[in-house]
Amino acid sequence: MTDTPYIIDRPEDMVFRLNRRTLADPAVLEAERSAVFDSSWIYCGHESEIGEPGDFRTRDVCGRPVIFARDSHGGIRVFLNACRHRAAQVCREPCGNTRRYNCFYHGWSYNQDGKLVGVPGEDSYPPGFDKADFSLAEAPRAEGYKGFWFISFNPHVAALDDYLAGAREYIDLVVDQSPSGSMQVVEGTQEYDIRANWKLLVENSFDDYHLLTTHKTWLDYMKDSGVNVEPPAGQGLLLPSRGIGKGLGNGHAVIDNINFRGRPVARWISIYGEDAKPEIEAIRAELVERLGEARAARVADTNRNLVIFPNLVINDGSSITIRTFWPEAADHMKVTAWALGPAEESERARARRLDSFLTFYGPGGFATPDDVEALESVQAGLATWRETEWSVMSRGMNKTGEQLNTDEEHLRAFWRRWNELMIADA
């Protein structure tokens, strides 16, 4: 490693520079695996994915195979997916319901609570062998907020509520769309690879500066379809301007926009046609009755792209997308995404939501292929990181007040926290 800093941050001089090594050097990735991922809360799954005792989902979190599961009492547990005997995975299915987790290698078995209950040839072990000593290991910390479950491999990490800081406000705006406060991950998963550094997708996920150029095809499609993307007068009642960007503490950040894409409950613009209008009006009426006019407008008439540090994105626009990603190499990430919606919504409302999810955010939709191409182009350019060392990220630093969604203060909020953790670990 070098003594060259990761960032140059001089607010008094309106200067913020990012060392491009952070996006290209394999040594940086190796350092951040422990400094960033192993010290933070990392998204594991949504409670709706495992509704009944014995339900499970297997996935990798922080480079570890885990079992996100309901135990025999319906509690949520996150087991490390490794037999206590010789470390073979005890669950090799992506999802399901089970009474036992059985290791296919030597036959050890564990119940829904992770307790070791079966050892073939147990009488061949010494007298001191006790099955109670060999339950499945669990993530050191596992906590949920409004149905979103996180784990941490840092036993001393702050409580999840404190860690989420200002991000809780934006999760609440998502969850308030459900009359019961019960959101549901829609069955089906998007999985794809991007040949780019994972932090580029963090930036891209809430960078509205690239919208007009990178997504010009989609904007032209909207205009050609007769959608007026200009919000009406009076928008200041919801946000001080059309869109803002801000840090939320602990590296979390958001862009918060007046709706212009169309939303399942928005009063101004509908991209869903006249047939959908009666149901959308009914949904909105329920929001107003339950939350009041002001809160209903805040929930329904604004979009939000929320980054929860380090690698969870919740996009709440024409659909709700949960997206997480993990670095395979300094220039390669794996992305997983799900659609989220109120548990009570009708089949027609769910169909509209999924259509929007696929049309805009899907791997073959309007947005994602553009973004993938952009990020992979950036990564190709980063091969010059030794010669062109610094990226400029000072947009908006000349302002004393509000930062727009097209400024970069929210990106700087992420990088400042990342830098803080990397320096502390070093």
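The values are calculated or read from the model by the stated rules, or taken from the named source; none is laboratory data. Everything numeric in this text was worked out from a predicted model, so none of it was measured. FYI the Cβ positions are ideal-geometry reconstructions off the backbone, even for glycines, and counts take in every protein chain you see.
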**Item:** Breaking point among (1) within 15 Å of THR58 (Cβ to Cβ); (2) in the same structural domain as ALA285 (by TED's automatic domain parsing); (3) among the hydrophobic types (A, V, I, L, M, F, W, C), for VAL90
**Value:** (2)
**Item:** Subset of the range 50-96 [farther than 19 Å from ARG141 by Cα and within 25 Å of the chain's Cα centre (by Cα)]
**Value:** GLY51, GLU52, ASP55, CYS91, ARG92, GLU93, PRO94, CYS95, GLY96
**Request:** Go through the range 66-85 and give me each residue that's farther than 16 Å from THR98 by Cβ and either at pLDDT below 95 or touching a strand residue (DSSP E or B) at 6+ places or on another chain (Cβ under 8 Å) (or both).
**Result:** LEU80, ALA82, ARG84
**Request:** Output the qualifying pairs, or none if there are none: Cβ atoms under 9 angstrom, residues six or more apart or on different chains, first residue in the range 210-226 and within 28 Å of GLU274 (Cβ to Cβ), second residue at pLDDT 75 or above and loosely packed, with under 14 Cβ neighbours inside 10 Å.
**Result:** LEU219/LEU212
**Request:** Go through the range 79-99 and count every residue that is of a type in the set (D, E, K, R), over 18 Å from CYS44 (Cβ atoms) and either in contact with a Cys (Cβ under 6 Å, 6 or more places away or on another chain) or surrounded by fewer than 15 Cβ atoms within 10 Å (Cβ to Cβ) (or both).
**Result:** 3
**Item:** Every pair of residues 6+ apart whose Cβ atoms lie under 6 Å, when the first sits in the range 86-97 and is under 21 Å from VAL119 (Cα atoms) while the second is among the hydrophobic types (A, V, I, L, M, F, W, C)
**Value:** ALA88/CYS103; VAL90/CYS83; VAL90/CYS103; CYS91/ILE67
**Residue list for the range 152-205, filter: in contact (Cβ under 8 Å) with a residue 24 or more places away in the chain and of a type in the set (Lys, Arg)** = ARG195, LYS199
**Prompt:** Out of the residues in the range 102-116 that are without any contact (Cβ under 8 Å) to a residue 40 or more places away in the chain and touching a Phe, Trp or Tyr at 6+ places or on another chain (Cβ under 6 Å), which is surrounded by the fewest Cβ atoms within 10 Å (Cβ to Cβ)?
**Reply:** LEU116
**Fill in**
Taking the range 32-62 and keeping residues among the charged types (D, E, K, R), part of a strand (DSSP E or B) and farther than 17 Å from GLU328 by Cβ leaves ASP55, ARG57
**Message:** As an exercise: evaluate PRO363 against (1) in a helix (DSSP H, G or I); (2) at pLDDT below 95; (3) not polar (S, T, N, Q) and give the number of the one condition it does not meet.
**Reply:** (1)
**Item:** Enumeration of residues in the range 366-400 that are among the acidic types (Asp, Glu) and in a loop (DSSP other than H, G, I, E, B)
**Value:** GLU387, GLU389
